[in-house]
1. Output the number of the condition that residue 303 fails; it satisfies all remaining conditions of (1) assigned by TED's automatic domain parsing to the domain that holds residue 195; (2) surrounded by fewer than 21 Cβ atoms within 10 Å (Cβ to Cβ); (3) of a type in the set (A, V, I, L, M, F, W, C); (4) out of contact with any strand residue (DSSP E or B) (no Cβ under 9 Å at 6 or more places or on another chain).
2. Based on what the data block shows, is residue 8 in contact with a helix residue (DSSP H, G or I) (Cβ under 8 Å, 6 or more places away or on another chain), of a type in the set (Ser, Thr, Tyr) and modelled with pLDDT under 95?
3. If a residue must be assigned to a helix (DSSP H, G or I) and within 27 Å of residue 261 (Cβ to Cβ), how many such residues does segment 189-230 contain?
4. Looking at segment 148-184, which of the residues that are among the small types (Gly, Ala, Ser) and assigned to a loop (DSSP other than H, G, I, E, B) is surrounded by the most Cβ atoms within 10 Å (Cβ to Cβ)?
5. Is it true that residue 257 is within 22 Å of the chain's Cα centre (by Cα), of a type in the set (A, V, I, L, M, F, W, C), over 25 Å from residue 142 (Cα atoms) and not in a strand (DSSP E or B)?
6. Taking helices (runs of 4 or more DSSP H) that fall entirely within segment 1-111, which contain at least 3 residues that are crowded, with 16+ Cβ neighbours inside 10 Å and within 21 Å of the chain's Cα centre (by Cα)?
Amino acid sequence: METSLNLTSKMPGTGTTIFAVMSALANEHGAVNLAQGFPDFNCPEKLVERVNHYMRLGKNQYAPMPGVPELRKKIAEKTLKCYGTEYDWQSEITVVGGATLSLFCAISAVVKENDEVIVIEPAYDSYIPAITLNGGKPVFSKLKYPTYQINWQEIKKLINFRTRAILINSPHNPCGTVLTASDMQELERLTENTDIVVISDEVYEHILFDGLKHQSACMFPGLASRSFIISSFGKTYHNTGWKMGYVLAPEKLTAEFRKIYQYVAFSTSTPVQYAFADFLEVESHYLALPKFYEQKRDFFRDLIKDSRFKVLPCSGSYFQLLGYDAISQQQDYELAVKLTKKSKIAGVPVSVFYHDKTDNKVLRFCFAKNEETLTKAAEILCRL
C-alpha cells in the first residue's frame, strides 16, 4: 500500500538488524545457521511443564508491572547466593520482557538531550539506537584487537561533565571476552564522585570458561550503587524466544526505570514468570552451564583446528570469533553473505558492531548448537 504522507525518519541510517538479515539469508539458502545467537536444542522439559501448569491453573492475566512477587523474591535469593549482594525484591528488582527491552528502558530512563554515553566497541547493536532516540550522543572507545581488552586510559579521557552513562558488557557479545575484577575496580575508580550511571549487560553471566568467575557490577559497592544490571532468562535457560529477563538497580534508578517500562510494555508473561520462580530452585542448571558450553566451545574449536581460520580467544558467552585474513581479504560483510549463499554456512560480520564499520577480517559464529550442527558447520569451514 502506498502513502502520500511526508515522513521524516527518526532513524534514517538504520536498516534491519544483522541477526534478522543473516538468519533470513540462511533460511533462504539452506545454510547452517551459526549467525543468530540461539540454541538449536530445547529448554529444560520441567520448565515447560511448569509453564503449562500455571496456564492451566489460570495464571493468564496481567502480572504486576514489576513482576510477580514470587519470582522477584527468588531473583533476590539467587543474586545473594551468587554474588553476595542484597537487593530489595519490591523496590530494586524488575522482571522485563527480554534484555533488549531492559537495555532500552534503562537508557531511556537516564539519557537526555545532549548527554554523552560511552559505548565500548564492538557493541551489541541495540545500544546506539536507544541512545540516539533519546537525544544522547554515543562516544566510542574500541576494544584492543585481537585480545579485545578495554583501554581504560582512553575511557578516562572520554569522561567529562556531559558523560551520563557508560555501557559495559561481560561476558561480551560478540567477542567472548570477560571483564576481570581489576577491570571492574578501575571502572569503580573512574566513576567515583560522579553522577555517571553504569549500564551493565550481563546476559551471559553463567557462561564463562576455564575456571573464570563472573565479576558482576553488583559485587563492587561503588558500581552497584550506580548500576542497572541486565540479566536474561533466555540465555540461561535456552529459551530466547520467551523474551524474559530482569533488571537489578538501586531504588532510585529502579523508580526511573519503571516510569519508562510501564508505558512500553507494562508487564510480561504471567505463567512464564511463575514457572521461572519454581525453576530457580534448581541451582544445578545454571551452575552446570560453564562446563556445558565449554564442552561445546572446545568441540567446535577441535573440529576446525586444521582449518585456515584463526581461532581468537573465547572466555565466555557462546560465540567464537574466527579471523579469516589467511583465506580472503574480502570485506567481512560481503564474505559473510557469500559464505551463506555459496558455502551454506552463516556467521555474522563483526564490522557491523562498530559505528565506523571497522573490519579486522573477523566473523562471529554461535556454538550453542547440537554436535551434529557443529560438525556440519566445521566440515564446511575446513573446506574453505
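1. Here residue 303 meets the rest and fails (1).
2. no
3. 8
4. If we take residues in segment 148-184 being among the small types (Gly, Ala, Ser) and assigned to a loop (DSSP other than H, G, I, E, B), then 170 is surrounded by the most Cβ atoms within 10 Å (Cβ to Cβ).
5. So residue 257 passes the test.
6. 18-29, 69-83, 99-110
This table checks each residue for (1) of a type in the set (A, V, I, L, M); (2) surrounded by fewer than 24 Cβ atoms within 10 Å (Cβ to Cβ).
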position: 137; (1), (2): no, yes
position: 140; (1), (2): no, yes
position: 146; (1), (2): no, yes
position: 186; (1), (2): no, yes
position: 205; (1), (2): no, no
position: 210; (1), (2): no, yes
position: 222; (1), (2): no, yes
position: 229; (1), (2): yes, no
position: 235; (1), (2): no, no
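The values are calculated or read from the model by the stated rules, or taken from the named source; none is laboratory data. If you're wondering where the values come from, they're calculated on a predicted model, not measured in any experiment. Glycine gets a Cβ as well: all are built from the backbone with ideal geometry, and neighbour counts include every protein chain shown.
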